[in-house]
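> Mind having a look at this structure? Questions to follow.
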Amino acid sequence: MRRRPRVLRGTLLRDGKRTGPNYVPFTSAATRSVGAGSAVAQAQRKRACLPGEMLRLGVLCLWRRRPLVFGVPAKNLGLRKVASGVSPPGSTSPRALNIFDRDLKRKQKNWAARQPEPMKFDYLKEEVGSRIADRVYDIARKFSLALDVGCGRGYIAQHLNKETVGKFFQVDIAENALKNTLEMEIPTVSVLADEEFLPFRENTFDLVVSSLSLHWVNDLPRALEQIHYVLKPDGVFIGAMFGGDTLYELRCSLQLAETEREGGFSPHVSPFTAVSDLGHLLGRAGFNTLTVDTDEIQVNYPGMFELMEDLQGMGESNCAWNRKALLHRDTMLAAAAVYGEMYGNEDGSVPATYQIYYMIGWKYHDSQAQPAERGSATVSFGELGKINNLMSQEKKSQ
């Protein structure tokens, strides 16, 4: 039976091999060469001159639109029940790019939540959820009412306590995930709704969090505007989403193998937002006092097929409309061999890099600190270099 991953020096290690319907063991170099063919040799030739575009994901250009907000009767706010708020298929902003099949993503997350042991695939989301909870604890206040957008099985709420959050609303598109939430000590209310259509009134929540969910929305600017809309003044939004360098090893290996075997490649990893655009999107949504930082989590897998199986178990399979439905067996074997040749570890395992963007934004309130008026400074930057001399003179005089 597979062991759960553990965190060592910031790296998640997934140890122990296992067999399954998608597991193809590569026990020797001879076996790998059967599936790889000339793809490995080509990968070695192209590795030094591989263009940067092959290693990075495209940036989404999304347009802004006013959020659609649906009211929820106050008498229903205290009930722990699943209220239907899922948008109909294809209901997206006419000015937004329709990149992802949201109905397929709902089915993928429901399938993952129905597995006999879904906790085996929760290691990454639990780790990111704990890091978001740490950021919540850094704010010295109690939040009476909090919202988790795209909660999954409750990866953030399990790390919070009653002293920090009074009541927690959890929103997700997958009903099975809401039915199988993890144990937590905070009173919770589960709401079945799409992250793109939040069914809450304005100025409702003191805190809104989101972990590894917003990268699947079609209209990210509108989703951020809705989060800003439901926040109370002086409320804070703390979120995390996958960054552009996520799974670059898998993406590059598939592209090289598919190009060599089939004469071209199609996208197999969904596009993500660039960190340079994230701050602008938060600012356009109305947030201020912004903080955006990046982090990387590396997970070691026995092989590429175990990585793909875990992505499916997380509910993170590709759901882009332009995805390719089928990859040939030879292409998959070649990609696995390229992966091991280009990125493999000494022990035979292969790494997978997950880049995480963490964001913090506040809704404006008069009590917040304001910048000083232009020209009101009494010391120029040119005089800052003299501070050390002044301090040393004071010490001598004492």
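The values are calculated or read from the model by the stated rules, or taken from the named source; none is laboratory data. Note that the coordinates shown come from a computational prediction; the quantities given were computed from them, not determined experimentally. A quick note on method: Cβ atoms are made from the backbone with ideal geometry, for glycine too, and the neighbour counts reach across all protein chains shown. Remember, those area values only see protein heavy atoms, side chains included, never the ligands or the DNA or RNA. Shrake-Rupley method; radii C 1.70, N 1.55, O 1.52, S 1.80 Å.
> May I ask you to list the aspartates and glutamates whose Cα is less than 14 Å away from that of Lys162, ignoring any residue fewer than eight positions away on the same chain?
Here the aspartates and glutamates satisfying the reach criterion relative to Lys162 are Glu183, Glu185.
> Ok, one more. With θ set to phi - 60° and the Karplus curve 6.51 cos²θ - 1.76 cosθ + 1.60, what are the ³J(HN,Hα) couplings of segment 143-158 in order, to the nearest whole Hz, using x for Gly and Pro?
9, 5, 9, 10, 10, 10, 8, x, 6, x, 9, x, 6, 8, 4, 5
> Kindly write out, for segment 239-255 in residue order, the coupling ³J(HN,Hα) from the Karplus curve 6.51 cos²θ - 1.76 cosθ + 1.60 (θ = phi - 60°), rounded to whole Hz, with x marking Gly and Pro.
With coefficients 6.51, -1.76 and 1.60, one gets x, 9, 8, 5, x, x, 8, 5, 6, 5, 5, 5, 4, 5, 5, 5, 5 Hz.
> While we're looking at this one, here's another question. Show which aspartates and glutamates lie in cross-link reach of Lys179 when reach means a straight Cα distance below 17 angstrom and same-chain residues fewer than eight apart are skipped.
Straight-line reach from Lys179, under 17 Å: Glu117, Asp122, Asp148, Asp194.
> Same structure again: Using only Cα positions of segment 130-199, each an equal point scatterer, no hydration layer, compute I(q)/I(0) via Debye at q = 0.14, 0.17, 0.26, 0.29 Å⁻¹ and quote the log10 values to two decimals.
-0.39, -0.57, -1.19, -1.35
> At a probe radius of 1.4 Å, what is the per-residue accessible area of Asp138, in Å² to the nearest 10?
Rounded to the nearest 10, the figure is 130 Å².
> Take segment 337-398, drop everything but the C-alpha atoms, weight them equally and run the Debye formula without solvent; then report log10 I(q)/I(0) at 0.17, 0.24, 0.29 Å⁻¹ to two decimals.
Treating every Cα as an identical point scatterer, log10 I(q)/I(0) equals -0.85, -1.01, -1.17.
> Here is a follow-up. Sorted from largest down, give the three principal axis spans of the alpha carbons of segment 136-274, whole angstrom values.
Principal-axis extents of the Cα atoms in segment 136-274, largest first: 57, 30, 29 Å.
> Could you do me a favour and compute the accessible area per residue for segment 187-310, 1.4 Å probe, result in Å²?
26 Å²
> Kirkwood hydrodynamic radius of segment 270-398 from all distinct Cα pairs, in Å?
Mean inverse Cα-Cα distance, inverted, gives 20.7 Å.
> Right, something else. Placing +1 on the Cβ of each Lys and Arg and -1 on the Cβ of each Asp and Glu in segment 180-257, which of Leu207, Gly235, Leu224 has its Cα farthest towards the positive end of the resulting dipole?
Of the options given, the answer is Leu224.
> Something else about it: R0 = 22 Å: FRET efficiency of Glu117 with Glu185, Cβ-based, nearest 0.05?
That gives a FRET efficiency of 0.40.
> Let's see if you can work this out: charge +1 on each Lys and Arg Cβ, -1 on each Asp and Glu Cβ, no other charges. What is the dipole magnitude of segment 211-332 about its Cα centre, in debye to the nearest 20?
The dipole of segment 211-332 has a size of about 440 debye.
> Let me ask something additional. About its Cα centre, what dipole magnitude does segment 279-398 give when the only charges are +1 on Lys and Arg Cβ and -1 on Asp and Glu Cβ, stated in debye to the nearest 20?
Around 720 debye, computed over segment 279-398.
> Which far-off residues, 5 or more places away or on another chain, put their amide H under 5 Å from the one on Ser190, with H placed in the peptide plane?
Lys81, Gln170
> Moving on to the next point. Would you please report the Å³ per residue occupied by the convex hull of the alpha carbon atoms in segment 208-321?
For segment 208-321, the hull spanned by Cα atoms encloses 123 Å³ per residue.
> Where does each of His228, His280, His365 land when they are ordered by accessible area, with a 1.4 Å probe and the largest first?
Reading off the accessible areas and sorting them downward yields His280, His365, His228.
> Quick one: how many Å² of Phe169 are accessible to a 1.4 Å probe, rounded to 10?
Using a 1.4 Å probe on the heavy atoms, I get roughly 10 Å².
> Moving to a separate point now. Each residue of segment 225-235 in order: what ³J(HN,Hα) in whole Hz does its phi give by Karplus 6.51 cos²θ - 1.76 cosθ + 1.60, θ = phi - 60°, with x for Gly and Pro?
Karplus values, whole Hz, x for Gly and Pro: 5, 5, 4, 5, 5, 7, 6, 6, x, 6, x.
> Can you list the aspartates and glutamates whose alpha carbon sits under 13 Å from that of Lys232, skipping same-chain ones fewer than 8 residues off?
Qualifying aspartates and glutamates at Cα under 13 Å: Glu202, Asp206, Asp366.
> Then there's this: So which chymotrypsin sites (Phe, Trp or Tyr not before Pro) in segment 267-350 end up in coil per DSSP with only 15 or fewer other C-beta atoms within 10 Å?
Listed in order of number, the matching sites are Trp321.
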